[in-house]
Ligand code: GGG
């Protein structure tokens with residue numbers, strides 16, 4: 001998709017703000033994309049509905065029109081945040097989980113890096129999270145037994161196909177980082193000492209994927225290692241600088257990326273893309289932040305970086321780097337929203353980054 005998107009006359013971007021602060025950070029990302037001017041094809045933004053709030057009004061969280069538009073009308077997309085309730089709501093199911101599945105956005109790629117001169121610890125890693133399986137298939141049952149009373153069960157799906165697919169993506173990213181001078185390493189995260197069938201399959205499939213391409217093994221370019229997930233969390237906090245590319249099943253990858261965000265100051269800084277072979281959708285890692293939604297104080301940087309990451313995946317690496325450079329310069333200059341301990345508003349951050357572009 002990367003090179004296919006190059007040379008477009010216009011870039012049609014589906015915008016799905018969804019819930020909470022998603023509605024503030026997506027307009028911020030839009031302004032930054034517009035500020036790139038002729039460095040990218042003229043962006044055309046198409047608002048698309050989804051989310052829990054949409055569900056409460058219309059009875060569906062992901063309208064078919066949104067799926068159709070994503071499949072037929074746009075070149076790429078940005079997603080804000082979804083505020084799924086923690087209790088079961090009849091008829092509701094997470095739209096972001098469904099979108100990832102319907103569009104086969106099988107990888108959630110989450111770079112986490114500190115800023116030299118600003119953060120005390122040098123963190124520079126990428127979490128590659130499998131995005132379509134694991135417990136997220138949402139096959140849960142509730143029964144009642146005499147012995148236990150209520151009994152809830154969930155099916156956890158791990159397939160060789162999806163695990164190899166995410167493995168290939170992780171090896172590709174590790175190789176491109178090796179070529180860019182990173183001390184390349186790929187860490188496979190699992191819990192196969194306990195879940196030897198499911199996590200065992202994930203582990204063995206990622207390792208098998210690594211054997212498919214001689215480039216991934218040549219000259220020991222990519223050092224492959226593995227970590228049991230609990231020990232991974234411990235090491236991530238103790239020595240985050242030891243990690244480069246981390247590949248994990250869906251749920252572990254989700255948890256690890258919030259932990260990694262803590263190492264660089266805030267979830268408000270961490271971007272991601274949901275990537276498949278033919279489509280890419282940027283998405284800040286943070287959620288809806290209902291406590292600050294609507295106050296104009298949310299940190300827009302994760303969404304802005306997600307837009308940059310989306311451009312990078314489409315092949316527009318120069319403009320993507322321009323955005324990242326502007327963000328880093330502004331952070332070094334000392335601009336801080338509340339999550340970082342400052343008082344800057346969303347508008348102040350966007351305007352400052354815009355000015356640098
Ligand atoms: N942008 C990330 C996000 O929206 N996080 C919240 C989340 O994933 N909630 C679970 C869900 O509703 O699917």
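The values are calculated or read from the model by the stated rules, or taken from the named source; none is laboratory data. These numbers were taken from a predicted model, which means no experiment stands behind them. Note that each Cβ is placed from the backbone with ideal geometry, even for glycine, and that neighbours are counted across all protein chains shown.
Here is how the numbers come out for the structure above:
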quantity: Members of the stretch 79-105 found to be within 10 Å of the ligand (Cβ to nearest atom) and in a loop (DSSP other than H, G, I, E, B), listed by number; calculated: 82, 83, 84, 85, 86, 92, 93, 94
quantity: Test: residue 222 is at pLDDT below 95, surrounded by 15 or more Cβ atoms within 10 Å (Cβ to Cβ) and more than 16 Å from the ligand (Cβ to nearest atom); calculated: yes
quantity: Cross-chain or 6+ apart pairs with Cβ under 6 Å, the stretch 5-25 first and farther than 22 Å from residue 276 by Cα, then assigned to a helix (DSSP H, G or I) and within 14 Å of the ligand (Cβ to nearest atom); calculated: 19/52; 19/53; 25/303
quantity: Residue list for the stretch 123-150, restricted to those being surrounded by 12 or more Cβ atoms within 10 Å (Cβ to Cβ) and assigned to a loop (DSSP other than H, G, I, E, B); calculated: 123, 131, 132, 133
quantity: Residue ID - surrounded by the fewest Cβ atoms within 10 Å (Cβ to Cβ), chosen from residues in the stretch 106-117 that are in a loop (DSSP other than H, G, I, E, B) and either in contact (Cβ under 8 Å) with a residue 60 or more places away in the chain or within 10 Å of the ligand (Cβ to nearest atom) (or both); calculated: 117
quantity: Residue in the stretch 260-278 that is farthest from the ligand (Cβ to nearest atom), counting only those that are touching a helix residue (DSSP H, G or I) at 6+ places or on another chain (Cβ under 7 Å) and closer than 26 Å to residue 69 by Cβ; calculated: 275
quantity: Residue within the stretch 16-38 that is over 22 Å from the mean Cα position of the chain (by Cα), within 11 Å of the ligand (Cβ to nearest atom) and modelled with pLDDT of 95 or more present; calculated: no
quantity: Given (1) under 30 Å from residue 208 (Cα atoms); (2) assigned by TED's automatic domain parsing to the domain that holds residue 48; (3) surrounded by fewer than 13 Cβ atoms within 10 Å (Cβ to Cβ), index of the condition residue 72 fails; calculated: (1)
quantity: Verdict on residue 319 being surrounded by 16 or more Cβ atoms within 10 Å (Cβ to Cβ) and touching a residue at least 60 places away in the same chain (Cβ under 8 Å); calculated: yes
quantity: Residue that is surrounded by the most Cβ atoms within 10 Å (Cβ to Cβ) [pool: residues in the stretch 46-69 that are farther than 12 Å from residue 93 by Cα and in contact with a helix residue (DSSP H, G or I) (Cβ under 7 Å, 6 or more places away or on another chain)]; calculated: 48
quantity: Scan of the stretch 179-202 for residues that are closer than 20 Å to residue 109 by Cβ and modelled with pLDDT of 90 or more, ordered by number; calculated: 185, 186, 187, 188, 189, 190, 202
quantity: Residue among 78, 99 that is buried (at least 17 other Cβ atoms within 10 Å of the Cβ) and touching a strand residue (DSSP E or B) at 6+ places or on another chain (Cβ under 6 Å); calculated: 78
